[in-house]
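The values are calculated or read from the model by the stated rules, or taken from the named source; none is laboratory data. Just so it is clear, the structure is predicted and the values come from calculations on it, not from any experiment. In this analysis, Cβ positions are derived from the backbone assuming ideal geometry, glycine residues included, and neighbour counts consider all displayed protein chains. Calculation scope for accessible area: heavy atoms of the full protein, side chains included, ligands and nucleic acids excluded. Shrake-Rupley method; radii C 1.70, N 1.55, O 1.52, S 1.80 Å.
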Amino acid sequence: MTHHSSYCCPELDCAHAPLKRETNGLACPNGHRFAFAPGTDVPVFASEPEGANEYAQANAAEVHDNALRWVFATFQTDEQRLRERLVARIGLRRGDRVLVTGAGAGNDLPYLVRALVGQGDIYAQDIAKEMLLAGVSRYQAEFATSGVGLHFSASDASHLPFADGFFDAAYHFGGINLFPDIPMGIAEMNRVVKPGGNIVVGDEGLAPWMVDTELGRMLVTNNALYACSAPLSALPPTARAVKLSWELSNCFYVIEFQASTEPLPVDIDVPHVGKRGGTIRSRYFGRMEGVDPALRDRIYQEAEKRGMSRVAFLESALRASLDKE
Ligand SMILES: C[S@@+](CC[C@H](N)C(=O)[O-])C[C@H]1O[C@@H](n2cnc3c(N)ncnc32)[C@H](O)[C@@H]1O
Ligand SMILES: [Zn+2]
């Protein structure tokens, strides 16, 4: 017997079709197959080739732990309290379903589990199998009886294997500067979180007033990632309630926003009162060729004499002249 998994096909032509569970992996109605990592039920949708970078190597999780110790010692911050504070910003409630992208070895999972107070689901994804599987062995057994379901998958954060609006919230810390396509990584979180759900994204990046200080220059020399700036221009144009702040001595940015796919409420047809007149729409879509400047000045004078806006007078003059023919 086959049954549906919660995962969907991330291939572009499959429109996130639900996948069915088979013995050794997941299968798509169009024939795509995604095997489980050996000895686990962790589906692999995409993964970094072994040795491609510091995360895709045998001892990646230990190397990463060591780098984290350096960060928290350098910025004199308690890791537990920082992660607790960041996780609190997504405002999870008991029973929620939350996505963690670039989850690495799962360092945020204990805080997310606690925030769900005994009921809910966490989907942790990372593109480096070595990191992700370290997370599986560190946390899957530990939280097996927590009441919170832990679901790991290896995939690219820019092509997530989930249906639209599947999650209540999404969280990311520490990897997005290196995503090959940051706007796509954020767009995917926005797509899979239901409208109004919270998204939190943070990574290395000096606050602008730190960039031109000696400490700022030292940090960037030490690690070029500190030169990254918060990728605000990568947010979807529909993002709501956007907040930007910094943690770890103003050296890591944190962006918070609410998911939405609805355009923002802007009426582009509200007429301007005053000399010029027109609307946002007419000023943008109604622009025409340049005319003799002397004629333009006469048009402006005539509009003023008649107590009309320039746009109203021009529109009436042009209409009248066309109707005459
Ligand atoms: C510095 S680690 C942070 C891990 C964890 N979030 C933490 O706070 O400890 C960054 C992670 O981002 C992952 N990553 C990089 N590019 C990715 C992508 N395109 N999709 C998913 N994960 C990615 C890396 O494999 C790595 O495990
Ligand atoms: Zn498919």
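Brief remarks follow.
- In the set (1) surrounded by fewer than 12 Cβ atoms within 10 Å (Cβ to Cβ); (2) on the phi < 0 side of the Ramachandran plot; (3) in contact (Cβ under 8 Å) with a residue 40 or more places away in the chain, residue 8 fails one condition alone, (1).
- When segment 269-325 is filtered for residues that are open to solvent by less than 50 Å² (accessible area, probe 1.4 Å) and aliphatic (A, V, I, L, M), the ones remaining, listed by number, are 299, 303, 311, 312, 317.
- Selection within segment 161-182 - part of a loop (DSSP other than H, G, I, E, B) and in contact with a strand residue (DSSP E or B) (Cβ under 8 Å, 6 or more places away or on another chain): 161, 162, 163, 165, 166, 174, 175
- Lone unmet requirement of (1) among the hydrophobic types (A, V, I, L, M, F, W, C); (2) in contact with a Leu (Cβ under 9 Å, 6 or more places away or on another chain); (3) crowded, with 22+ Cβ neighbours inside 10 Å for residue 157: (2)
- Taking (1) open to solvent by 90 Å² or more (accessible area, probe 1.4 Å); (2) farther than 21 Å from residue 151 by Cβ; (3) of a type outside the set (Asp, Glu) in turn, residue 33 satisfies each apart from (2).
- Residues satisfying the stated conditions in segment 109-133, i.e. part of a strand (DSSP E or B) and either in contact with a helix residue (DSSP H, G or I) (Cβ under 8 Å, 6 or more places away or on another chain) or under 15 Å from residue 45 (Cβ atoms) (or both): 122, 123, 124, 125, 126
- Of the strands (runs of 3 or more DSSP E) that lie entirely inside segment 183-282, those containing 3 or more residues that are of a type in the set (Val, Ile, Thr) span 193-204.
- Screening residue 55 against (1) within 13 Å of ligand 1 (Cβ to nearest atom); (2) open to solvent by 90 Å² or more (accessible area, probe 1.4 Å) leaves a single unmet condition, (2).
- Which listed residue, of 106, 95, is near ligand 1 (Cβ under 10 Å from one of its atoms), at pLDDT 95 or above and part of a loop (DSSP other than H, G, I, E, B): 106
- Among the residues of segment 1-50, those that are part of a loop (DSSP other than H, G, I, E, B), more than 15 Å from ligand 2 (Cβ to nearest atom) and among the hydrophobic types (A, V, I, L, M, F, W, C) comprise 1, 37, 42.
- Checking each residue in segment 197-220 for being in contact (Cβ under 8 Å) with a residue 12 or more places away in the chain, surrounded by 14 or more Cβ atoms within 10 Å (Cβ to Cβ), out of contact with any Gly (no Cβ under 9 Å at 6 or more places or on another chain) and not aliphatic (A, V, I, L, M) picks out only 205.
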